[in-house]
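The values are calculated or read from the model by the stated rules, or taken from the named source; none is laboratory data. A quick note: this is a predicted structure, and the numbers were derived from the prediction, not measured. Note that we place each Cβ from the backbone using ideal geometry, even for glycine, and neighbour counts take in every protein chain shown. Please note that ligands, DNA and RNA were not included when accessible areas were found on the heavy atoms of the full protein model with its side chains. Shrake-Rupley method; radii C 1.70, N 1.55, O 1.52, S 1.80 Å.
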Amino acid sequence: LTLIEIMCAMTPCMRLYSWLGQNLLNMISNNPYREWILTYSDEGFDNLAKSLENLIDEYNESYDFDKINYLYRKAMELELDFFNAHSSFS
């Protein structure tokens, strides 16, 4: 994989985990996932996700747009599969 492909495959996970952490932050009292929530709700992690998105936006080498769209979408589908494997969301 190329650098742009790796960045595009990583972004959905980072963005999702940042969103989850921020939305679960008010539920950390006596939560067994407290450390996970604190890690991913942190502004520093959100800034890291934004930095990755900015790198993608500023990437100036040629790449296959259809392929990075596929990788981004596939990464989102894998995240959904992960959460559906341990829940009744579907």
Residues of the range 1-32 being more than 30 Å from D64 (Cα to Cα) and not in a helix (DSSP H, G or I), in sequence order, are I28, S29, N30, N31, P32
Report, ordered by the first and then the second residue, all pairs with beta carbons closer than 7 Å, sequence separation of six or more or different chains, a first member in the range 69-87 that is free of Cβ contacts under 8 Å to residues at least 12 places away in the same chain and within 24 Å of T2 (Cα to Cα), and a second member that is open to solvent by less than 80 Å² (accessible area, probe 1.4 Å) and charged (D, E, K, R).
-> none
Subset of the range 33-63 (residues that are free of Cβ contacts under 8 Å to residues at least 24 places away in the same chain and either part of a loop (DSSP other than H, G, I, E, B) or small (G, A, S) (or both)) | Y33, S41, D42, G44, S51, N60, S62
Please work out if A75 is touching a Lys or Arg at 6+ places or on another chain (Cβ under 8 Å) and part of a helix (DSSP H, G or I).
-> no
